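Below is one structure, written out as structure tokens, with a few remarks after it.
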Amino acid sequence: MDFLTTLSTIFLNGPVLAFLGGSLAAVGSGWGSAKGVGIAGEAAAGVLSEKPELFGKLLILQALPGTQGIYGLLTWFIVMVKAGFLDGTYTSLTTTQGLLFFAACLPVMIVEYTSAISQGRVAANGILMVAHKPDEQSKGIVLAAMVETYAILALLASMLMILLGIHR
Amino acid sequence: MPVVSMRRITAAGPMSAHDGVLHALQRLGAVQVEDLASRSDTGLVPTRNDVALREVAGEIARLSAVLEMARKVRPRKKPMFTLKRRIAQTEVDAVEGRERELWAAVDTLERDAERIAADKGRLARLRAMGDLLRPWSDVAMDLTDEGTARVRVWFGTLPCGDRCAEFEEQLAEHHPASHFEVFSRDEEVERIAVAVLRDEEEDVRNLLKRHGFARLTVPVQGRGRTPADWLASLEEERAAISAGIEALEAERFEAAQWVQEFEILLDGATTRQERLLAEARVGRTGSVFVLSGWVPAPISATVESALQGSFPVAVELRKPEPGEDFPILLRNARLVQPYEVITRMFSTPNSSEIDPNPLVAPYFFLLFGMMLGDAGYGLLLALGTAFLIWGVKVQGNMRQMCQFMFQGSFAAIVSGLLFGSFFGDIVSVLSGQKAAFPQLWFDPLKDPVRMMVVAMVIGVFHVFTGLAAKAYILVLRGKPWDAVLDVGSWYVCLIGLGLIAVGGVIGMVGTGMAILGSATIILFSARDSKRFLVRCFKGLYNLYGITGYFSDILSYSRILALGLAGSVIAMVINMMGSIAGFTWIGIPMFILVALAGHGLNLALSTLGAYVHTSRLTYVEFFGKFFEGGGHAFEPLRQKRKHTDVVG
């Protein structure tokens, strides 16, 4: 029992939980974006071997699933500021507050990850469409942006929870 | 706001005037020729010009290929965006007068390209032969020589190292009357010759085989001369071919000087192709042609008098009949024009609706600016797009995109002033928190709910504008009651719901409006159904569509998210840059981080603002009223890619 108590005092305290939340927000979204941009990039590289002149158009489509990573970084930053990791006031975080930070990061952790991958798939198919019809690039962009809506909603949920839901 | 109205134009005349009329129409560039020839109900036959069309297509293909070749032969620094050259008609005439000479140059370029390629192939073969032969150049006899009646000679290779030495030993031991010589060696093989008496030939052959000997295979041309002689003749041949290539390249360089002339010829060919395609749509009998098409109403009279003034033709103009589809030409104010590219990407409006661009423009401007949301980024974007528009003079879709971004960047600057964002918080960071960029309204980071309300209020206006456009279209189509029952009911219902939130007396009025509106929807939205109960149930289902309106409005919360994302990432960049403080290392580091970081963030924020403003326009706004599916007006005109004829 002693060991478990020690473990819980080390890990289950406010600062660690908040830190973990911010960290995992950056991990989930960055991971997802890396996959999404990768999926789209593979498709783009294939097309470019045949039609190198489409580079500019395809690059934009490839970049679309990258925004999730930015939303994760954004969430991480807000956690850093709000929890006081930047000005050193984090020591006063209670365990409950830490848990709240962690919970507030959940939408970003999970939704950014999955939406970036889905968006990468849509973007990859958009890239194949552009290969056949270069003028239809904006349609591919808008289709991919439909997926991003949910990444934005998750970001909003996390951000509002952190900014408004946690009183310090 | 409606699209430019069109007139149906029909012209008939004797075949003698046919070519003149088509030329005149192409110069005017104001008439879209409809297909009359392939319609079976007219009794007219099409003009057979497949041969001419094939010819001109061939010319276009050859000229395009040769142009590319000529540009490679005489490379010039390529500008980032190519612009059309402006030329005078006299220049076109001069070029067309020299057509024979220019086509000869085309022939030369094509022929020389083929010859040079073939010669280069021959050179490569010679080089390979030389590489094979050179290590043997010390041999003073024919490499195909197999010896005399008494002596057998082999030329070939042995793998380097122990096996070669071992072979030499064994040869010397068992066949003392033999000769062995190494001519050259590299990392892998030694090139050797072995001469033995014919009696011992079999033994030595086996010995060679055991040691990995590979016989030299000599091409037939090498027979009867020493490698050195042969190499010399190869060298002569190579020099001759190289001189030939040089001559051909000089000739080609000479022929490639006519790049600009080829461009004019190519533009002439594409213009001719355009005219031939229109010609194929003109119907005719033995001696008369009939042409039918659309012309914009404002210039229809000019076209009519231009045709009747110069040719013996009868021209008739009429309004489109109700329900008849006509091609769509948009005419918008200069400030609105750039947004046409956004609508065009979605669809071209059809002939029974309005041109949505004047409604798209103000909201796109506002939404784009708020999503970019930073005065510094707005300033940079304005400078960048201004350079592209007025400096580089980009054309086409690219120009329109630059123009609406240029406009939007001013909204971004205003938005940055209102919400206090200039490259994020670069002012406070650089001044050590002593000064801050002015913030005329409030800080969305401190009061995000307020920002969200602002975003959604804009959303309400956007959606209501879309609904109003729908009502307007219904009235235009002569269905004012549909406008009241299908659009008015939603207005009353949604505004009522909004008022309830205010509370008090106004809230009670709101409750009444919401009830009135939803009752109208339940009772009248499905008025096609005859049976009352079915109608009410369908109406109830339509009322469920109210969730759609809520999700539409909520969708505008992305303004808050994207605006914050841009400025907070800018803050992160500033923070990272200033980590080393204001020291000799810190200042260059800040500059470096700021340049790279803000550059990247500007690109991503602009892309995000463009993409998500488009989405709000396409889904939330166009979803309310825009049908699209129209065809853009494509008149018969001069189709020129490289040059514009002026004067």
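The values are calculated or read from the model by the stated rules, or taken from the named source; none is laboratory data. The model shown is predicted, which means the values in this text are computed figures rather than measured ones. With ideal geometry, Cβ positions are generated from the backbone for all residues, glycine too; neighbour counts draw on all protein chains shown.
List of remarks:
- Condition check for B:Ala386: among the aliphatic types (A, V, I, L, M) and free of Cβ contacts under 8 Å to residues at least 60 places away in the same chain: yes
- Extreme residue, nearest to the other protein chains (Cβ to nearest Cβ), among residues of the stretch A:149-168 that are under 28 Å from B:Thr343 (Cβ atoms) and touching a helix residue (DSSP H, G or I) at 6+ places or on another chain (Cβ under 6 Å): A:Ile152
- Cβ-Cβ contacts under 8 Å between residues 6 or more apart (or on different chains), taken from a first residue in the stretch B:542-565 that is within 14 Å of another protein chain (Cβ to nearest Cβ) and free of Cβ contacts under 8 Å to residues at least 12 places away in the same chain to a second residue that is part of a helix (DSSP H, G or I) and crowded, with 24+ Cβ neighbours inside 10 Å, are listed as B:Ala561/A:Tyr71; B:Ala561/A:Ile152; B:Ala561/A:Leu155; B:Ala561/A:Met159.
- Failed condition for A:Ala103, given (1) within 19 Å of the chain's Cα centre (by Cα); (2) buried (at least 20 other Cβ atoms within 10 Å of the Cβ): (2)
- Leading residue by the ranking (farthest from B:Gly630 (Cα to Cα)) among those in the stretch B:345-367 that are more than 14 Å from chain A (Cβ to nearest Cβ) and touching a Gly at 6+ places or on another chain (Cβ under 7 Å): B:Phe365
Table: residues versus (1) modelled with pLDDT of 95 or more; (2) in contact with a Ser or Thr (Cβ under 9 Å, 6 or more places away or on another chain).
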{"residue": "A:Phe3", "(1), (2)": "no, no"}
{"residue": "A:Thr6", "(1), (2)": "no, no"}
{"residue": "A:Ile10", "(1), (2)": "no, no"}
{"residue": "A:Leu17", "(1), (2)": "no, yes"}
{"residue": "A:Trp31", "(1), (2)": "yes, no"}
{"residue": "A:Gly36", "(1), (2)": "yes, yes"}
{"residue": "A:Ile39", "(1), (2)": "yes, no"}
{"residue": "A:Val47", "(1), (2)": "no, no"}
{"residue": "A:Glu50", "(1), (2)": "no, no"}
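- Hey, B:Val295 within 31 Å of the chain's Cα centre (by Cα), of a type in the set (Val, Ile, Thr) and assigned to a strand (DSSP E or B) or not: yes
- Applying the criterion of at least 3 residues that are more than 32 Å from the chain's Cα centre (by Cα) to the helices (runs of 4 or more DSSP H) found wholly in the stretch B:5-108 leaves B:18-28, B:89-97.
- Selection status of B:Phe633, under 30 Å from B:Leu564 (Cα atoms), touching a Phe, Trp or Tyr at 6+ places or on another chain (Cβ under 9 Å) and away from chain A (no Cβ under 13 Å): no
- Matching residues in the stretch A:133-148 - criterion: being of a type in the set (Val, Ile, Thr), within 7 Å of another protein chain (Cβ to nearest Cβ) and in contact (Cβ under 8 Å) with a residue 24 or more places away in the chain: A:Ile141
Every residue, every condition in (1) surrounded by fewer than 20 Cβ atoms within 10 Å (Cβ to Cβ); (2) closer than 24 Å to B:Gly408 by Cα; (3) in the same structural domain as B:Glu353 (by TED's automatic domain parsing); (4) aliphatic (A, V, I, L, M), yes or no:
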{"position": "B:Leu600", "(1), (2), (3), (4)": "yes, yes, yes, yes"}
{"position": "B:Ala603", "(1), (2), (3), (4)": "yes, yes, yes, yes"}
{"position": "B:Phe621", "(1), (2), (3), (4)": "no, yes, yes, no"}
{"position": "B:Lys639", "(1), (2), (3), (4)": "yes, no, no, no"}
{"position": "B:Val646", "(1), (2), (3), (4)": "yes, no, no, yes"}
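- Residue under evaluation B:Leu383, criteria (1) surrounded by fewer than 18 Cβ atoms within 10 Å (Cβ to Cβ); (2) out of contact with any Lys or Arg (no Cβ under 9 Å at 6 or more places or on another chain); (3) modelled with pLDDT under 95, criterion not met: (3)
Quick grid of which residues meet (1) part of a loop (DSSP other than H, G, I, E, B); (2) more than 19 Å from B:Arg223 (Cα to Cα); (3) out of contact with any Pro (no Cβ under 6 Å at 6 or more places or on another chain):
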{"position": "B:Ala124", "(1), (2), (3)": "no, yes, yes"}
{"position": "B:Ala128", "(1), (2), (3)": "no, no, yes"}
{"position": "B:Arg134", "(1), (2), (3)": "no, no, yes"}
{"position": "B:Asp138", "(1), (2), (3)": "yes, no, yes"}
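- Hey, B:Arg115 surrounded by 11 or more Cβ atoms within 10 Å (Cβ to Cβ) and basic (Lys, Arg) or not: yes
- Applying the condition of being of a type in the set (A, V, I, L, M, F, W, C) and surrounded by 14 or more Cβ atoms within 10 Å (Cβ to Cβ) to the stretch B:144-169 and asking which residue is farthest from the chain's Cα centre (by Cα) yields B:Val151.
- Just one of the numbered conditions (1) within 29 Å of A:Leu164 (Cα to Cα); (2) away from chain B (no Cβ under 14 Å) is not true of A:Thr6: (1).
- Residue in the stretch B:528-538 that is surrounded by fewer than 19 Cβ atoms within 10 Å (Cβ to Cβ), in contact with a helix residue (DSSP H, G or I) (Cβ under 6 Å, 6 or more places away or on another chain) and small (Gly, Ala, Ser) present: yes
- Condition check for B:Asp19 on (1) closer than 17 Å to B:Leu636 by Cβ; (2) in contact (Cβ under 8 Å) with a residue 12 or more places away in the chain: one failure, at (2).
- Candidate set from the stretch A:52-64 (those that are crowded, with 18+ Cβ neighbours inside 10 Å and either away from every other protein chain (no Cβ under 12 Å) or at pLDDT 95 or above (or both)); member that is farthest from A:Thr91 (Cα to Cα): A:Leu54
- The single residue among A:Val108, A:Val122, A:Val130 that is touching a residue at least 12 places away in the same chain (Cβ under 8 Å), within 14 Å of chain B (Cβ to nearest Cβ), of a type in the set (A, V, I, L, M, F, W, C) and under 30 Å from A:Ala18 (Cβ atoms) turns out to be A:Val108.
- Residue check, A:Gly84 more than 13 Å from chain B (Cβ to nearest Cβ) and buried (at least 16 other Cβ atoms within 10 Å of the Cβ): yes
- Inside the stretch B:219-235, residues that are within 10 Å of B:Asp142 (Cα to Cα), crowded, with 16+ Cβ neighbours inside 10 Å and not charged (D, E, K, R) make up a count of 4.
- B:Leu592 falls short on exactly one of the conditions (1) in contact with a Phe, Trp or Tyr (Cβ under 8 Å, 6 or more places away or on another chain); (2) farther than 22 Å from B:Met370 by Cβ; (3) among the hydrophobic types (A, V, I, L, M, F, W, C), and that condition is (1).
- Residue match in the stretch A:89-99 (condition: out of contact with any His (no Cβ under 9 Å at 6 or more places or on another chain), within 19 Å of A:Leu160 (Cβ to Cβ), assigned to a helix (DSSP H, G or I) and within 13 Å of another protein chain (Cβ to nearest Cβ)): no
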